[in-house]
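Let me begin by presenting the structure, written as structure tokens, before commenting on it.
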Amino acid sequence: MRQRARFRASPWRLAGFIAGMTIALLAVVARLISVQLVHGDQYRAAATANQVRLIPVAAPRGIIFDRSGKVVVRNRPSFVVALIPSEVKDIRAELEVVAQTLDLPQALLWDRLLHHHGVNYRNFDEVVTYEPYGPVILGSDLSVKQMARLAELKNDLPGVDVQAQPVRDYPYRGEGSHVFGYVGQITEDEYAQLKMEGYTPNDVIGKDGLEAVYDRYLRGVPGGDQVAVDAQGQVARHLSYRPPIPGNGLILTLDWRLQEIVERALAKGIRAWGGRRRFGGAVVVEDPWTGGILALASSPNFDPNDFAISISAKRYAYYLNDPLRPLYNRAIAAATPTGSTFKMVTGSAALTVPVVKLHEVVYDSGAWNCGGALFRDIAAGGLGATTFVPALAASSDGFFYQMSWRLGNERLRKYALAFGLGALSGIDLPGEYPGNWPTNAWSLKVTGLPLEPSDVCSLGIGQGAMQATPLQMANVESAVINGGTLYRPHVVHAVVDQANRIVKTFEPQVIREVPVTKAALAAVRDGMSRVTDPGGTAYGLAIEGLPFGGKTGTAETAGGAGPNTTWFVAYAPAKHPVLAMAVFVDRSGGYGAQVAAPIARDVLVQYFHMKP
Amino acid sequence: MATLTFVSRRRIRELNWPLLVGSIAATAIGLFVIQSAGLHTAEAHTAYRKQAVYAVLGIGIMFGCSVVDYRIWRRIAPYLYGLNLAALLAILVLPHTSHGAQRWIAIGPLIVQPSEPAKLFLAIAIAAMLCRSDYRKLTDMWLPLLATAVPAILILKQPDLGTTLVIMAILTAELYFGLRRIEDFLIYIGGLAAAATYVVSSHFLKPFQKARLLVFLNPKIDPQGVGYSLNQSKIAVGNGQWIGRGWHQGTQTQLNFVPEHATDFAFTVLAEEFGFLGVVVLLALYVTILVGGVQAMLAARDRFSFLLATGIVAMLCFHMIVNIGMTIGIMPITGIPLPFISYGGSAIVTDFAAIGILLNIYAQKDRLIARSEE
């Protein structure tokens, strides 16, 4: 066997081969140093962001109780389909499945996806960019069957989640709606204003009524469920859970039994008068000794439950397009001339100044020459020789033209403003309107003509340019009843925590002592208590066993051309009143005694358990 | 005549320790990685045990190959090549689809991935063919080129872009040393580039393969789609930082953000859970293996064994670089297993067989060579 020379590779090529491997390995090492050591923090942050997610847990809003502790607003659980945009793989396919499951048109889901929280997105990519973790609510109040179906499909629907959410529940639907208001998703503008107070873009906030005014008590503190999720967006484990803190409850001054009576009596009374014609109306019942609102209703009302889960465009359009505007709170925002109910003010002023003595006999011809302008009493005619109390019971315009003339514009205005007219009462409800008491400057500005001395004769009987709300008239009446103390009307008595311990009490607040004499007020009450007597304007409306005081009002509209707006203020029982009530029916036609007074009577009969 | 004693003083003296220690230590690390990667999968407690069985089988085959005279491979090269082609063709006829690709065939209870041993068989076949003549002229190259192209196309059709690239790397490395004139090698490189351009631009690649190549060029074009794996892998590797998140503690791995973490992305698991230090240990073991491989190349007595050792070293090195590179975004995602680490029986057995051949080449460095065999 001969030996052959050993094989030898070219050293240059060997060097090149080894160099090639070395360079490649060094490139890998360099890259690993860059990824792991130089930029490791960034990648670790990305890994954390990948897996850690904070799922906000909405806090149940506080419960609202009436004065006796009856639950009038609460929460109920609702199962919703929520979309977490960043986890969606194929939005078209997923929405198709969700639409089928919920039996909703796909177009509606797209609409909810792209237009929510007051923001309009052009496409889904924008939603992913701006709201990666949403959640965007696609559907609410799922049935058990729908939930089961979605649970089955969970793996095919990445980013689609079924969550239980507390939803505001108003068990009495429309009743009390103008007190409670409603809640809704925070809008972008609201969020911009409120984010400093700890609100988040997914919050449900009070939009109107008590829900809005007391939102910071009612909302509670949202909790958070910090979870690790896997690549499919499924929760792998819970890292930490902060339970939500439910909102504080409110104890109202409302008497729910009375509220229900009032709502029904108002609707019934309007129907009884108008038949197929519909009118707006309002009733305010106040505790004359504290200013606490016992009942407050505006008709037509609305169902706040419609807003609790984002309201459909159709439903919202219905509320907006109804000419009677159900969302409009007439009790605190409808300011109209008050008709003769204002004689409570004129009368107290006339006896206080005094421009008339209690038993002074005044001749009422049924008309009065106010500085050259002849004012006629169309309704009552002349009473002949009369005194203050019968004239008030009969609502004699002739008598009160004289009183107004004796007072003059300046003094009448002073007393009107002292009784709280032309100013916000400060009730704890949003949207109050201050009404109006005309001044010379106002008259020049609005009509181009100065206030004439003769204008006092129309203002003094609640006509002309004066305007007041039902709330203001109930408050005037309260002052008349309680001896001249004008309280700030309020709806909330106290704030309570979860254990129903009182954490804050709202004591009655006095706006002012009205500068009228007790005797004057007693005389006004005397006149009002005879309103159902023979010769009184509400004769025939007396309730057997329940003497009550009242004053009708009939205000001309459109300068006498339109249908009358009718008013009635009442208090009961006459001797020791526990409530002061103002009833208002907007442009109902007829007289206060025909439209508004029967509603008040109906309320009193039911509330005091009297025979009708 | 060699003694039948399996373990002898001479054997131990002639043993290439870097190859042996490097491969077995890397396999041990691999078992920890696969155990952790499988924690939250359906085959949670079976994958690493199966892999251990394959590793033991592979080590046995390694020792077997280390005592088989490498010259036998040259003699049976045509048969190995034929077997190889038959197996690759069989895949097309007997589909066993996984992940939309046909890569496996069942032989009795065993499911074999023929493209893994195919790499080794081709390394042998190419080395054998390159010894048939001196290849003074470029035109003489048609046989090894054709012989490589046929299985390469079959594997590309599976589709398995990664293995095709490995075969091309083996061919290139063996031609680098096998061609007499460096100009011929450069012409070959030019032709290879032209062919690659054609393949990429034609319909030859499946859409997902093209997408992977495009995403490699710009991972941000599709963060949730094809680029998703790459981005999640990079995040996981970076998440490891110096010392890693700890065994079983890699969030990217355990929460399944990183796909295929026991196979293609096993390195990612190692990097996330054991950090840069763990990575350095593995790379050190790899360098040890490559050093052992180069020692075998230098020890090669003849042209065939040198070219075969070259092909094997190139194969292992290419696997390491391309697999690690893909997890950190410097190589396209191709699904090449990480040697001794990635879960997969065919791959680990092939790797150990390759080490066994290198061991034999190294062991024979001082033996005489009969002229008749050259």
ask   = When you go through (1) within 14 Å of another protein chain (Cβ to nearest Cβ); (2) of a type in the set (S, T, N, Q); (3) crowded, with 24+ Cβ neighbours inside 10 Å one by one for B:Gln364, which number turns out not to apply?
value = (3)
request  = Please give the number of the condition B:Asp264 fails out of (1) within 12 Å of chain A (Cβ to nearest Cβ); (2) crowded, with 24+ Cβ neighbours inside 10 Å; (3) at pLDDT below 85.
outcome  = (1)
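Keeping to the range A:312-337, report how many residues are in contact with a helix residue (DSSP H, G or I) (Cβ under 6 Å, 6 or more places away or on another chain) and within 29 Å of A:Ser395 (Cβ to Cβ). I'd like the intermediate steps shown before the answer.
Within the range A:312-337, the first condition is being in contact with a helix residue (DSSP H, G or I) (Cβ under 6 Å, 6 or more places away or on another chain), and the residues that meet it are A:315, A:326-327, A:329, A:331-332.
Still in the list and also within 29 Å of A:Ser395 (Cβ to Cβ): A:329, A:331-332.
Of the residues in the range A:312-337, 3 are in contact with a helix residue (DSSP H, G or I) (Cβ under 6 Å, 6 or more places away or on another chain) and within 29 Å of A:Ser395 (Cβ to Cβ).
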ask   = Is it the case that A:Ser425 is buried (at least 20 other Cβ atoms within 10 Å of the Cβ) and either within 27 Å of A:Met528 (Cα to Cα) or not β-branched (Val, Ile, Thr) (or both)?
value = yes
remark   = (1) open to solvent by less than 20 Å² (accessible area, probe 1.4 Å); (2) touching a Leu at 6+ places or on another chain (Cβ under 8 Å) all hold for A:Gln146 apart from (1)
request  = Filter the range B:287-305 for residues that are within 8 Å of chain A (Cβ to nearest Cβ), more than 14 Å from B:Phe177 (Cβ to Cβ) and part of a helix (DSSP H, G or I) and give the result.
outcome  = B:Val287, B:Leu290
remark   = Of the residues in the range A:155-211 that are charged (D, E, K, R) and in contact with a Phe, Trp or Tyr (Cβ under 7 Å, 6 or more places away or on another chain), the one that is surrounded by the most Cβ atoms within 10 Å (Cβ to Cβ) is A:Glu211
ask   = How many residues are polar (S, T, N, Q) and more than 12 Å from every other protein chain (Cβ to nearest Cβ) when one looks only at the range B:306-351?
value = 4
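Can you confirm whether A:Ala582 is in contact with a helix residue (DSSP H, G or I) (Cβ under 9 Å, 6 or more places away or on another chain), surrounded by 24 or more Cβ atoms within 10 Å (Cβ to Cβ) and not in a helix (DSSP H, G or I)? Talk me through it step by step, then tell me what you get.
Values: in contact with a helix residue (DSSP H, G or I) (Cβ under 9 Å, 6 or more places away or on another chain): yes; surrounded by 24 or more Cβ atoms within 10 Å (Cβ to Cβ): yes; not in a helix (DSSP H, G or I): yes.
Answer is yes for this residue.
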message = With the structure loaded, tell me whether A:Arg264 is surrounded by fewer than 20 Cβ atoms within 10 Å (Cβ to Cβ), more than 15 Å from A:Ala331 (Cα to Cα) and within 22 Å of the chain's Cα centre (by Cα) or whether it fails that test.
response = yes
note = Residue set B:Val33, B:Val56; condition over 19 Å from B:Ala363 (Cα atoms), among the aliphatic types (A, V, I, L, M) and crowded, with 21+ Cβ neighbours inside 10 Å; output residue B:Val33
Residue, nearest to A:Ile63 (Cα to Cα), within the range A:160-177, restricted to residues that are in a loop (DSSP other than H, G, I, E, B) and not aromatic (Phe, Trp, Tyr) = A:Pro171
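Among the residues of the range A:441-458, which ones are surrounded by fewer than 24 Cβ atoms within 10 Å (Cβ to Cβ) and in contact (Cβ under 8 Å) with a residue 24 or more places away in the chain?
A:Leu451, A:Glu452, A:Pro453, A:Ser454, A:Ser458
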message = Name the single residue that is least open to solvent (accessible area, probe 1.4 Å) among those in the range A:60-113 being farther than 29 Å from A:Arg219 by Cβ, touching a helix residue (DSSP H, G or I) at 6+ places or on another chain (Cβ under 7 Å) and not aliphatic (A, V, I, L, M).
response = A:Thr101
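What about B:Ala211, is it over 30 Å from B:Val280 (Cβ atoms), modelled with pLDDT of 70 or more and more than 11 Å from chain A (Cβ to nearest Cβ)?
Numbers: over 30 Å from B:Val280 (Cβ atoms): yes; modelled with pLDDT of 70 or more: no; more than 11 Å from chain A (Cβ to nearest Cβ): yes.
Spelling it out, it is not the case that B:Ala211 is over 30 Å from B:Val280 (Cβ atoms), modelled with pLDDT of 70 or more and more than 11 Å from chain A (Cβ to nearest Cβ).
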Residue tally, condition within 7 Å of chain B (Cβ to nearest Cβ), at pLDDT below 90, part of a helix (DSSP H, G or I) and over 30 Å from A:Asn202 (Cα atoms), over the range A:29-82 = 6
ask   = Looking at the range A:480-570, what strands (runs of 3 or more DSSP E) fall wholly within it and have at least 2 residues that are open to solvent by 60 Å² or more (accessible area, probe 1.4 Å)?
value = A:502-505, A:510-513
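The values are calculated or read from the model by the stated rules, or taken from the named source; none is laboratory data. These numbers come from a predicted model, not from an experiment. Glycine also receives a Cβ, built like all others from the backbone with ideal geometry; neighbour counts cover every protein chain displayed. Quick note on the areas: whole protein, heavy atoms, side chains included, nothing else; ligands and nucleic acids left out. Shrake-Rupley method; radii C 1.70, N 1.55, O 1.52, S 1.80 Å.
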